[in-house]
Amino acid sequence: MGDEDAEQLARFFDNPIGRPTLGLLYGRRRIGKSTLLVREVQSRQGFYFEATRVETPVQLERLGKALGEHLGVPRLALSSWEEAVAALLALGNDGPVPVVIDEFGHILEADGSVESVLAAAFGPGARRSSNGQARLVLCGSAIAMMRALTDGEAPLRGRAGMELVVQPDDFRIAATRLPLPVYLTTAVLVFAVIGGVVGYATDMVDFDLPATEEDVERWIVQRVLSPGATLHREATTLLAEDPSLAGQASLLHHSILGAIANGAVTAGAIAGKVGKQVANLNPPLNRLIEAGFVARYEDPIRGKRPLYALDDPFLQFHYAILEPHGAELRDRPADQVWKEQLKSIFGSQVRGPVFEQQARTWVRRYASAETLPNRDYVGRSSVPYEGKDHELDIVVAGAGDVPGDRPVFALGEAKAGETISRRHLRRLELARNALGSKAVDAKLLLFGTAFDSALEEVSASRPEVELIDLERLYRGS
């Protein structure tokens, strides 16, 4: 979670308006939502309650006890959510105060009418009669469920003054968690395994992160591949905890994630892998997108060609490494399976795709205006030349309603684990030539962990050829 998330939450809590306000905060598990909320609530002497997966009467009893302890009185007897919401909002009678209900999804699972109760409490009629200043935040990890609270005709539509969707940290922030001094060759490998989820870098690996590149294999074997490692079953748990993905269709959801992780990036390719028609694939695929597990990207220069990727490096690792090789990891020593089979798969199916996404993130967020003054559309694409389509890791295009007519400002190649050479540059040159006049001035960007000397000489003499090494990727623009 970044500073902007904390600042937006602080603004919501400190709003001086003289009536109760409602906010939503959600994101996938273990990214630090609760830690942020507890810190902000404690600093403002507010109230924090974490719901559990229990029936409504038990939940109300727990809440009444917590409210009583907070107020220094005996347990409040709450017989309904109307009473509970009234008691929560009354906490703001003396001024602005944060009131947080964490894991709100558990409450909603047990009693769907809570939405309407909250809608009434924050509706126009309630606003005219209430002078309290409670700042109520509903927090949850089931992204699709939380997002649905304000969608379409949902009761809470138009009632929330804040809807903060918290994302995992990007690769630059994730690197700061490594032991000092931070070696970028280590950072890029660790990010390919656990991404930017803070819980994966702390509790779930017993606060053990590799300090050097030489220690990464030991760490992967012990903290991820081992059948006793907490992370070993994390992806399965994530899907099981989300009501929109559990149930009869769970096997299909896992199959779709596995297909994407193993190279099926178009709807047609995914459908072929899982044995479904494309039309029948849309509902489960959309559920995975809504839940935050899959990302859909539009091709910058080719219309009606969305591409799909797993929206987390760890999911990529799980479905390319852990899930298809679970039997071997149960039957044989993990270090042996890693050396004989999984190390090479990691390089091609995990490290490579994750590094490509890091490069696209750099283009969007960190490249200077001098490097890329225009970047309206950034993504993957393909260009036909020499009789076949050639995939491009990065295409940067300008504005335009018709994708095929957009000007192309940069083409890029990202390769981890190999030395970038004139051969990689030649591929970009051929693609630029094939795109014709709309790409005639396009920059050629090469991302890598190592570059040969001949390519470095070319880059020094040709301003349109730029090399982005790990130092520039992580710390430069």
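Just one of the listed residues (Ile107, Ile101) is in contact with a strand residue (DSSP E or B) (Cβ under 9 Å, 6 or more places away or on another chain), in a helix (DSSP H, G or I) and closer than 23 Å to Leu9 by Cα, namely Ile107.
Screening Glu83 with (1) of a type in the set (D, E, K, R); (2) in a loop (DSSP other than H, G, I, E, B); (3) more than 27 Å from the chain's Cα centre (by Cα) gives one miss only, at (2). Evaluating Gly476 against the criteria (1) in contact (Cβ under 8 Å) with a residue 60 or more places away in the chain; (2) touching a strand residue (DSSP E or B) at 6+ places or on another chain (Cβ under 7 Å) leaves one unmet condition, (2). Here is a check on your reading of the model: is Glu466 among the acidic types (Asp, Glu), under 16 Å from Tyr366 (Cβ atoms) and loosely packed, with under 11 Cβ neighbours inside 10 Å? So Glu466 does not fit the description; no. If the condition is being surrounded by 21 or more Cβ atoms within 10 Å (Cβ to Cβ) and within 14 Å of Val137 (Cβ to Cβ), then region 22-36 contributes Leu22, Gly23, Leu24, Leu25, Tyr26, Gly27, Lys33. With respect to the stated conditions, Ala144 is touching an Asp or Glu at 6+ places or on another chain (Cβ under 6 Å), touching a residue at least 12 places away in the same chain (Cβ under 8 Å) and assigned to a helix (DSSP H, G or I). Looking at Leu435, is it crowded, with 18+ Cβ neighbours inside 10 Å, assigned to a helix (DSSP H, G or I) and not polar (S, T, N, Q)? Judged against the criteria, Leu435 is a match.
Of the residues making up region 319-333, those that are more than 28 Å from the chain's Cα centre (by Cα) and not basic (Lys, Arg) number 4. Residues in region 1-51 that are in a helix (DSSP H, G or I) and of a type in the set (A, V, I, L, M): Ala6, Leu9, Ala10, Leu36, Leu37, Val38, Val41. If the condition is being farther than 24 Å from Val265 by Cα, in a loop (DSSP other than H, G, I, E, B) and not hydrophobic (A, V, I, L, M, F, W, C), then region 360-411 contributes Ser368, Glu370, Thr371, Pro373, Asn374, Gly400, Pro407.
Every read-out reported here was derived from the displayed coordinates using simple, explicitly stated rules and does not represent laboratory data. This is a predicted model, so every value here is computed, not measured. Heads up, the Cβs are rebuilt from the backbone with ideal geometry, glycines too, and the neighbour counts pull from every protein chain shown.
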